[in-house]
Amino acid sequence: MTQERKMTSGGTLVAVGHGSRDPRARATLSRLLERVRELRPGLDVRLAHIELNAPLLDDTLAEVAAAGGEAVLVPLLFAPGHHVTHDLPAAVAATPALRAVVAEPLGAHPLLVEALVGRLAEAGWEPEDGRARDTGVVLASAGSRDPRSGAEIRRIAALLGERLGGVPVVPAYASAAAPTVAEAVRALAARGRHRVAVASCFTAPGLFATRAADHAPWIAADPLGAHPALARLVLHRYDRARTAARTATPARELAAI
C-alpha cells in the first residue's frame, strides 16, 4: 500500500516498529537495522516506534523533514491493520514538509518464510519433521480485527507449510482474533498432531511472543529479529515503495488529465 507523496530521490528508510516495554525489543530491532545497513552501505536507515519506545515516529519524521530529506516508512509488521493503514499515513500527513511514502508490511513473501524456517531450525526443527505424521506448527502473530490482516497471516501460514514439506500450519493470534495459540495447539492435537512447534511471527521479543512460546508443547522458535532474510525483506519493501513513489503520477497531474 505505497501511499502519500511522489518522491524525487532515494529517501531515508524509516523502519517502524510497534514498541514494547520489553527492553530486548529495541535492541533487537537495532541489530536488524545494522544488518540492513551492512547490505546497503550509505543508505540512511533509522528506527522509529509507534508507541512505548524512543525514538517515536513523529520525532523521527520531523528530524528527516528538518534535514530536507525524504522518507520511506517500512512497517516492521506482518500484515495490514490499524497501525499500517491509519497510524503510519496519519504520521506522514502530520509532517507536511516531508515527502514520504508508506511501504507494504512485511507480509507473505519467500524471504519471510526463509526467516521463519531458519528460526524453527535453530529451535530444533529437522527436515524430516515435516514428513512426520504427528508434527504440526502454530504460526503465532499479534492479531488484528482487520480481516485483511487475518487473510495475510493465513497466506504466510500456507507458504510456511509448503516450505516445511506439507506439514499443517495453523495461524494463531495473541490478541484481537481467534484462535489463540493454545486453541490452535489443541486443534492440531485433535488431528493427531501432538508434536507441535510454535513459529514466532514477531520481529522482536515482547509480551505476545513470550506468551506464544509458553504454549508450545514441543519447541518454540525465537522472534525473527536480525535474521538475514528479514533484513533483505526490509530492503525489498523499501525498494518497491521507492520505485512506485518515484513513478507515480501526482494527484494534481491526474486532475489535469
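Just to check your reading of the model, which residue among A189, A151 is closer than 17 Å to A108 by Cα and aliphatic (A, V, I, L, M)? Give the derivation first.
Working: A189 fails: closer than 17 Å to A108 by Cα.
When all the criteria are applied, what remains is A151.
Where helices (runs of 4 or more DSSP H) fall entirely within the range 153-257, none has at least 3 residues that are touching a Phe, Trp or Tyr at 6+ places or on another chain (Cβ under 8 Å) and surrounded by fewer than 24 Cβ atoms within 10 Å (Cβ to Cβ).
Total residues in the range 75-95 satisfying the condition of being closer than 14 Å to S141 by Cβ and of a type in the set (A, V, I, L, M, F, W, C): the figure is 5. Of all residue pairs spaced 6 or more apart or on separate chains, those with beta-carbon atoms under 9 Å, a first member in the range 201-216 that is in contact (Cβ under 8 Å) with a residue 12 or more places away in the chain and a second member that is assigned to a helix (DSSP H, G or I) and among the hydroxyl-bearing types (S, T, Y) are T203/T28; A204/T28; P205/T28.
Can you say whether H82 is touching a residue at least 24 places away in the same chain (Cβ under 8 Å), within 18 Å of the chain's Cα centre (by Cα) and crowded, with 22+ Cβ neighbours inside 10 Å, as far as the supplied structure shows? Judged against the criteria, H82 is not a match. G19 passes every criterion in (1) touching a strand residue (DSSP E or B) at 6+ places or on another chain (Cβ under 8 Å); (2) free of Cβ contacts under 8 Å to residues at least 40 places away in the same chain; (3) over 25 Å from A157 (Cα atoms) apart from (3). Scanning the range 82-103 turns up one or more residues that are assigned to a helix (DSSP H, G or I) and touching a His at 6+ places or on another chain (Cβ under 9 Å).
Looking only at the range 126-149, count every residue that is more than 16 Å from A212 (Cβ to Cβ) and in contact (Cβ under 8 Å) with a residue 24 or more places away in the chain and tell me the total. So the answer is 12.
Only residues that are open to solvent by 10 Å² or more (accessible area, probe 1.4 Å), touching a Gly at 6+ places or on another chain (Cβ under 8 Å) and within 22 Å of F208 (Cα to Cα) were counted in the range 30-55, giving 6. Could we say that V102 is in contact with a Pro (Cβ under 7 Å, 6 or more places away or on another chain), among the β-branched types (V, I, T), surrounded by 24 or more Cβ atoms within 10 Å (Cβ to Cβ) and more than 21 Å from T28 (Cβ to Cβ) here? It is true that V102 is in contact with a Pro (Cβ under 7 Å, 6 or more places away or on another chain), among the β-branched types (V, I, T), surrounded by 24 or more Cβ atoms within 10 Å (Cβ to Cβ) and more than 21 Å from T28 (Cβ to Cβ). Is there a residue in the range 210-221 that is among the aromatic types (F, W, Y) and more than 23 Å from the chain's Cα centre (by Cα)? Yes, the conditions are met somewhere in the range 210-221. Contact annotation: residue pairs with Cβ atoms under 9 Å, 6 or more positions apart or on different chains, pairing a residue in the range 150-178 that is farther than 19 Å from A212 by Cα with a partner that is acidic (D, E) and open to solvent by 30 Å² or more (accessible area, probe 1.4 Å), are R163/E114; G165/E128.
The values are calculated or read from the model by the stated rules, or taken from the named source; none is laboratory data. If you're wondering where the values come from, they're calculated on a predicted model, not measured in any experiment. Positions of Cβ are backbone-derived with ideal geometry, glycine not excepted, and every protein chain shown enters the neighbour counts. Heads up: the accessible areas ignore ligands, DNA and RNA and are worked out on the full protein's heavy atoms, side chains in. Shrake-Rupley method; radii C 1.70, N 1.55, O 1.52, S 1.80 Å.
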